[in-house]
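Undergrad: Handing you this structure, nothing more for now.
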């Protein structure tokens, strides 16, 4: 295991664990959130570290990481984009939006699989993945860039230009 | 049923009323009533997650009267009319209630089962012809009974990992897995080695071990037994034999004093696999891998197949008559005090009874066995690695088994003991003896299943049958009397120890009159105080507590705690 956890992050994690006095296992999600927030993704070392911290077998942590699409197992770009592909957005052109962003940001999605849904641009600036409903079905297609919500996206150049 | 009458609850199953103890699971009540409820995830020894949905049944309770209405009148047997619920319930995780009705047949249940089967088969590969589970696969069986016979699924099946090496003894085919999670619960709850889990839950749910970890605990192969499909297969057994070709014999495991109940699967006198057999007083439903896999030597090249006598420096084959006659003539010239017998606690009670007769007949100076005390594993493996030490103590009257071996060695060196009979043991490898220790003996006889260094030094070497090749009874560490049943015939001219000893007694001027292990059992149960009055039928398939040694089996103690907490049915 070779993961360096800063002291203040570990302090925060220790605090979160105390919220679950009955079973440390219940703290898996809050700990993973803290780790992803800090590192941007949860790699093998982070899984092992979490398991050791919560006195679990690593597989019990991996189960959680692989269940939630919100947890990333590989590094995203500087800006992470999530394009909604649920019905309304799909009908409003989310697949075209995805293609357009990939073309303009130089992202190759050919290697994307069910297990590894994230593609990163060559310069590492953008990463992208499909997401399920982002709760704005009337204004599709929609996407999230980091935590910014963009509705009825038509101008991809303008969208990308907002992120330097 | 021994419960108080007041604890019994009336439940109607498929139109007939039965009584069951309070707290009984619906599925167990149905089982007791002789009604099969198909299921995959439910296992009485594990917690019930209720995830496979195969055990859905119709359930009903007496309807609550509307305000102002009179309650319904019970019929002449005291049963109230049942109002059936419009939706099915799972039978595995729900308990019975007074006056409950359960319907396991009818359009609703049938439709549920058909639906569940269709979902399970949507992504299941149709590779039964090359699948080891075929013939003992719950998916196959329930598909025939409750499925549709053809698939409506025209889409692409989900691709998952195949032929995954998840541990030293087990291989995983994730496409065959139906996600019942029995194996995960077994490793979590019984083996205390929670290395299995589901990753990518959803349409790609995948059973997995963590990268770099493996399912390697000494109970791992039990997951193969409880896997209802062919997802987990044993490296030892896969592709070896179709299950319907094998003969199954209920017997007991001889690798330690626990005496795990097992089934030996064989074909044409060759053992192909060993599986545990449920016995709640011995091994629950499990067996350690190390015991299960310790059978390959039985069919090995190293088996002794013919009687041998020493001819100069080597041995030559001979007939049983010659070998026994030679042994008898050597023994006849000696005083009893010059003869020592080392028998084995791997022998059955019947064989030990013959050892006792032989010792009395020859008036032997020493009788002992080879002890095998190691450490218990805290689950099923007893500290005593002999299967029948308890029997040997009772029948041979040994207080401290093995304590006389040193004296026998000294007596041989001092020339006080001139003949040594080593029955079903190998003193050089398994006790503190060396080949030189035997050099001053006038006569050394051994019987053993395998070629071994003690036999190398012996004047007469007799091929003895191994545990799978004989019948009889053994007493486990707790004092439970259990049946050992013959599964296969021994190779070549091997003989069972009781036959060898009978012939020795006969040729040294003793009596005869024993023709079968049944005769022996009758003699044993009329002559040995602790055994008096026991009948063969009384022992049955699950054994009987004959004496109480005060020993316990750790795994059973843990299981009883889980039952008491209501976690499992048991």
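Every read-out reported here was derived from the displayed coordinates using simple, explicitly stated rules and does not represent laboratory data. The structure presented is a predicted model; accordingly, all values stated were derived computationally and were not measured. Backbone-built Cβ (ideal geometry, glycine too); neighbour counts: all protein chains shown.
Undergrad: Based on other C-beta atoms within 10 Å, arrange A:137, B:41 from fewest to most. The partial results should precede the final answer.
TA: Values: A:137 15, B:41 24.
Sorted ascending by nearby Cβ count, the order is A:137, B:41.
Undergrad: Just round it to a whole percent: the fraction of Cα-Cα distances in region B:164-265 exceeding 22 Å. If you can, show how the numbers build up before the last one.
TA: Working: 1794 of 5151 pairs.
Of all Cα-Cα pairs in region B:164-265, 35 percent lie more than 22 Å apart.
Undergrad: Which of the three applies to region A:69-123, rounded, prolate or oblate, going by the alpha-carbon gyration tensor with a ≥ b ≥ c and a/c under 1.5 meaning rounded? Could the numbers behind the result be given before it?
TA: Details: a/c = 1.91, a/b = 1.29, b/c = 1.47.
Cα axes put region A:69-123 in the oblate bin.
Undergrad: Related question: Find the Cα radius of gyration of chain A, compare it with 2.2 N^0.38 Å by division, and give the number to two decimals.
TA: Numbers: Rg = 17.7 Å, N = 164, 2.2 N^0.38 = 15.3 Å.
Relative to the rule-of-thumb radius for its length, chain A sits at 1.16.
Undergrad: Also, quick follow-up: Using C-alpha positions alone, give me the convex hull volume of chain B per residue in cubic angstrom. If you can, show how the numbers build up before the last one.
TA: Details: hull volume 103.8 nm³, N = 570.
Hull volume over Cα atoms, normalised by residue count, gives 182 Å³.
Undergrad: Expressed as an acute angle from 0 to 90° and rounded to the nearest 10, what is the orientation of the C-alpha long axis of helix A:58-67 relative to the principal long axis of chain A?
TA: Orientation of helix A:58-67: about 20 degrees from the principal axis.
Undergrad: Using a 10 Å cut-off on Cβ to Cβ distances, tally the other chain neighbours for every residue of B:201-209 and report the average as a whole number.
TA: Taking the mean over all residues of the peptide, I get 3.
Undergrad: A follow-up question, please. For the protein assembly as shown, with equal point scatterers placed on the C-alpha atoms only and solvent neglected, what are the log10 I(q)/I(0) values from the Debye formula at q = 0.09, 0.11 1/Å, to two decimals?
TA: Debye curve over Cα of the protein assembly as shown, log10 I(q)/I(0) at q = 0.09, 0.11 Å⁻¹: -0.97, -1.20.
Undergrad: For region A:7-67, what class follows from the C-alpha gyration tensor (a ≥ b ≥ c being the square roots of its eigenvalues): rounded when a/c is under 1.5, otherwise prolate if a/b is larger than b/c, else oblate? Spell out each step's value before the answer.
TA: Values: a/c = 1.66, a/b = 1.07, b/c = 1.55.
Here region A:7-67 falls in the oblate category.
Undergrad: With each run of n ≥ 4 DSSP H residues scored as -39500 (n - 2.57), what mean residue ellipticity at 222 nm is computed for chain A after dividing by its residue count and rounding to the nearest 500 deg cm²/dmol?
TA: Numbers: 7 runs with 68 residues, N = 164.
The per-residue figure over chain A is -12000 deg cm²/dmol.
Undergrad: While we're on this one: For region A:79-161, build the convex hull from the C-alpha positions and give me its volume per residue in Å³.
TA: For region A:79-161, the hull spanned by Cα atoms encloses 86 Å³ per residue.
Undergrad: Right, here's the next one. Which angle between 0 and 90 degrees, to the nearest 10, do you get for helix B:320-332 versus the longest principal axis of chain B when only C-alpha atoms count?
TA: 50 degrees
Undergrad: Checking the a/c ratio against 1.5 first, then a/b against b/c, what shape does the Cα gyration tensor give for region B:308-545?
TA: Working: a/c = 1.58, a/b = 1.37, b/c = 1.16.
Judged from the Cα gyration tensor, region B:308-545 comes out prolate (a/c at least 1.5, a/b above b/c).
Undergrad: In a GNM of chain A with a 10 Å cut-off on Cα contacts, which of A:93, A:70, A:111 has the highest mean-square fluctuation?
TA: A:111
Undergrad: Set the Förster radius R0 to 22 Å, insert the Cβ-Cβ distance between residue B:373 and residue B:439 as r into 1/(1 + (r/R0)^6), and round the FRET efficiency to 0.05. Each step should come with its number before you reach the end.
TA: Values: r = 29 Å, r/R0 = 1.31.
For R0 = 22 Å, the calculated efficiency reads 0.15.
Undergrad: Once you put a point 7 Å from the Cα of residue B:363 and another 7 Å from the Cα of residue A:151, both along the Cβ direction, what distance in nm separates them?
TA: Label at residue B:363, label at residue A:151, 11.1 nm between them.
Undergrad: Calculate the spin-label point distance for residue B:542 paired with residue B:61, positioning each point 7 Å from the Cα along the beta-carbon direction, and give it in nanometres.
TA: It is 3.2 nm.
Undergrad: At 222 nm, what helix-only mean residue ellipticity would chain B give, in deg cm²/dmol to the nearest 500, using -39500 (n - 2.57) for each DSSP H run of four or more? Show your work: numbers first, answer last.
TA: Details: 16 runs with 139 residues, N = 570.
Taking each H run of at least 4 residues, the total per residue is -7000 deg cm²/dmol.
Undergrad: Just rank B:316, A:16, fewest to most, by other beta-carbon atoms within 10 angstrom.
TA: Values: B:316 10, A:16 15.
So the ranking, lowest neighbour count to highest, is B:316, A:16.
Undergrad: Same structure, new question: Determine, at each q value in 0.14, 0.16, 0.18, 0.31 (inverse angstroms), the log₁₀ of I(q)/I(0) that the Debye formula gives when each Cα of region B:82-128 is one equal point scatterer.
TA: -0.48, -0.59, -0.69, -1.25
Undergrad: Considering chain A as a Gaussian network with a 10 Å cut-off on Cα pairs, which listed residue, A:145, A:65, A:112, attains the greatest mean-square fluctuation?
TA: Fluctuation is largest for A:112.
Undergrad: How long are the semi-axes of the ellipsoid equivalent to region B:106-220, from square roots of 5 times the Cα gyration tensor eigenvalues, in whole Å, largest first?
TA: 28, 16, 14
Undergrad: Oh, and also: Which order results if B:521, B:245 are arranged by neighbouring Cβ count within 10 Å, fewest first? Intermediate values should be presented prior to the final figure.
TA: Working: B:521 23, B:245 12.
Neighbour counts put them in this order, fewest first: B:245, B:521.
Undergrad: With axes computed from alpha carbons, what is the tilt in degrees of helix B:349-362 against the longest principal axis of chain B, rounded to the nearest 10 within 0 to 90?
TA: 10 degrees
Undergrad: Need one number: nm distance between label points at residue A:133 and residue A:103, each 7 Å from Cα along Cα→Cβ, rounded to one decimal.
TA: Inter-label distance under the simple model: 3.1 nm.
Undergrad: Here is a follow-up. Could you give the length gained by full extension between residue B:290 and residue B:235, i.e. 0.36 nm per residue of separation minus their alpha carbon distance, to one decimal place? The partial results should precede the final answer.
TA: Details: separation 55, 0.36 × 55 = 19.80 nm, distance 1.38 nm.
Working it through step by step, the gained length comes to 18.4 nm.
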